[in-house]
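The block underneath contains the structure these notes are about, expressed in structure tokens.
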Amino acid sequence: MAACPISGFPPFNPVAARLAALLAKAPQHKIYLLLFKIMAAGTGGQKTTTAAHLTAGREKADSLAGKYHIRKYEERDYEMVLAFYIQGIREHIPRAVWKSFSRPQLHLALLAVFLLTYLCWASVITSLAVVSLLLTAGALHMKRLWDEYLHHALTTDMMDIRRTYLEPKDCCFWVVDTGEEVVGMVAVIPPSWWNNAQELIRLSVKKEHRRQGLSKALVKTVIRFSEEHGYQEVVLGTSMVQHAAHRVYESMGFHKVLETYPFPLAKLVGFSVYWYYYKIPDAP
């Protein structure tokens, strides 16, 4: 498998140039392993996580039990989980399109197209029409990418949550229950490309129940599960447009250590995946 292009190395990384030279020679999962290990060696001014910080977070997560209850997934949750998961994914599409259209590189390219069209046809209306068609095609393409991601999730792990997350060893899937409905979820798996870490995935909270501390409580649940099962690190990937998720992870001590581009034209349209790393602190 070809390695993904990588950018945005934190300033504390002293070997970025050497790592870039390795991209063409090593499998992708080996690059991830090497990068995470190097980033774990320093924090470069980022927030350092302590056992006390983790304990305080646990107490806060436990305090949610009065209104919300975090529990393992049950089959009766399936339709509600899928409904707000789909809603959560689709709400990112407008932000992704806007971010792509706000890139200076795209503005220059569209200006060049406009001028070239005008030179050929000597018509402002025709030139504007061509640019409009390109923008429409770009928006539809971005939407299709998100739809393909959603379709992949719904036809793989999310098709049978119990079989994927509750039956295998060291995997789990939790939901947030209000007593009337399920309003949040998160899952954890051991990533195939790293032996001593758990990967946090499928974190989502229903829009009407955000800003209640549910995301942090779900992340703490994953950290606690990983610690209890003997893992030392937690990793996760999230798209560049999920700003609220970035703030949650960084406030809890996760470090952004890697940026990858998941498809060939991703860098051109400004679509990337941020990878975060968390070192579970030693018990006091």
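Among the listed residues His107, His69, which satisfies the condition of being exposed (fewer than 14 other Cβ atoms within 10 Å of the Cβ) and at pLDDT 90 or above? Going through His107, His69 in turn, just one is exposed (fewer than 14 other Cβ atoms within 10 Å of the Cβ) and at pLDDT 90 or above: His69.
Condition check: in contact with a His (Cβ under 8 Å, 6 or more places away or on another chain) and over 22 Å from Leu236 (Cβ atoms). Does Gly138 satisfy that? Break it down into steps so the answer makes sense when it comes.
Working: in contact with a His (Cβ under 8 Å, 6 or more places away or on another chain): no; over 22 Å from Leu236 (Cβ atoms): yes.
Taking the combined requirement at face value, the residue does not satisfy it.
Counting the residues of the range 241-258 that are buried (at least 17 other Cβ atoms within 10 Å of the Cβ), within 15 Å of the chain's Cα centre (by Cα) and either over 26 Å from Lys99 (Cβ atoms) or not hydroxyl-bearing (Ser, Thr, Tyr) (or both) gives 10. Restricting the first member to the range 82-103 and to residues that are over 16 Å from His141 (Cβ atoms), and the second to residues that are part of a helix (DSSP H, G or I), the beta-carbon pairs closer than 6 Å and six or more apart or on different chains are Ile89/Leu150. State whether one or more residues within the range 260-282 are of a type in the set (Lys, Arg), surrounded by 18 or more Cβ atoms within 10 Å (Cβ to Cβ) and more than 19 Å from Met185 (Cα to Cα). Looking through the range 260-282, at least one residue is of a type in the set (Lys, Arg), surrounded by 18 or more Cβ atoms within 10 Å (Cβ to Cβ) and more than 19 Å from Met185 (Cα to Cα).
If you check Ala245 against the conditions, is it of a type in the set (A, V, I, L, M, F, W, C) and either in contact with a Lys or Arg (Cβ under 8 Å, 6 or more places away or on another chain) or free of Cβ contacts under 8 Å to residues at least 24 places away in the same chain (or both)?
Numbers: of a type in the set (A, V, I, L, M, F, W, C): yes; either in contact with a Lys or Arg (Cβ under 8 Å, 6 or more places away or on another chain) or free of Cβ contacts under 8 Å to residues at least 24 places away in the same chain (or both): no.
Judged against the criteria, Ala245 is not a match.
Of all positions in the range 206-214, at least one carries a residue that is within 27 Å of Trp146 (Cβ to Cβ), basic (Lys, Arg), more than 13 Å from the chain's Cα centre (by Cα) and at pLDDT 90 or above.
The values are calculated or read from the model by the stated rules, or taken from the named source; none is laboratory data. Treat the numbers as computed from the prediction; the structure is a model and nothing was measured. Don't worry about glycine lacking a Cβ; one is built from the backbone with ideal geometry, like all the others, and counts go over all protein chains shown.
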